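Okay, so here's the structure we're looking at.
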Amino acid sequence: MKKLFFIAILAMSSINTHAQKEKSIFNGKDLSGWTKHGTEYWYVDDGELICESGPEEKYGYLSTNKPYKNFILNLDFKLEANGNSGIFIRSHVGGNDGTTISGWQVEVAPPDLHTGGIYESTPGGRGWIIKPDPKDEKNLNPTDWNHMRIEAKGDMVTSWLNGKKMVELEDTKIGEGRGSVALQIHSGGGIKVRWKNIKIQELLDNIAIKLKEFIKIF
């Protein structure tokens, strides 16, 4: 038993040593660490990340090169010129056109179009899984900066907009996913969204959580 406890302590020491603090995943200068998908425009202007409709007016994505499973994501966004967009979690982008996405979108959209809700875009997926309460739609500032916080941990996904909880969802299918964080620009043209202060904190996986619980027994 003592040997087992010693091994557990060593393992926890290793986990804690490699535990991630919150870090910026957008450097304010260029698109390093991200991959562009599609022909829509993604560029940096005065420290802000801009997505803007291109001439083809199709869907476009900007995905992190690194996959993330369990995390807390914080970012700021400002809607301009329609602003229909979104933040995908545990996603993969590909397909014949290079812009087919599988994953789950935390909505970013104009007023009363369910910002903070969760939509499943996986081919053959369920569409809207959960929408915010209509009264909470008023948490969106349509003309200025907004702060979005997303926590994905196992089967649980929770979103906050400007400090107010929008939705909380437990879903085993989402819990099985793992992939990139991806920003979206919607099809149809005439869209522009600004992003900044994009930061992520990776969370312990389920094995680490169970190991911590095991150590508490002693």
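Here are the numbers for the structure shown:
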quantity: Cβ-Cβ under 6 Å pairs, at least 6 apart or on other chains, the range 91-113 side closer than 18 Å to E56 by Cα and of a type in the set (S, T, Y), far side open to solvent by 20 Å² or more (accessible area, probe 1.4 Å) and assigned to a loop (DSSP other than H, G, I, E, B); calculated: T99/G38; T99/Y59
quantity: Residue check for V193: within 11 Å of the chain's Cα centre (by Cα), in contact (Cβ under 8 Å) with a residue 60 or more places away in the chain and closer than 24 Å to W34 by Cα; calculated: no
quantity: Pair list, Cβ under 9 Å, 6 or more apart: the range 155-171 residue more than 14 Å from K131 (Cβ to Cβ), other residue among the small types (G, A, S) and open to solvent by less than 60 Å² (accessible area, probe 1.4 Å); calculated: D155/G175; M156/G175; T158/A152; W160/G116; K164/G116; E170/G154
quantity: Candidates N65, N16 - the one that is on the phi < 0 side of the Ramachandran plot and modelled with pLDDT under 95; calculated: N16
quantity: Residue within the range 147-163 that is charged (D, E, K, R) and farther than 26 Å from I25 by Cα present; calculated: no
quantity: Given (1) modelled with pLDDT of 95 or more; (2) in a loop (DSSP other than H, G, I, E, B), index of the condition T35 fails; calculated: (2)
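The values are calculated or read from the model by the stated rules, or taken from the named source; none is laboratory data. Just so it is clear, the model here is predicted, and its values are computed rather than measured. Note: ideal-geometry Cβ built from the backbone for every residue, glycine included; neighbour counts use all protein chains shown. Note: areas computed on protein heavy atoms with side chains; ligands, DNA, RNA excluded. Shrake-Rupley method; radii C 1.70, N 1.55, O 1.52, S 1.80 Å.
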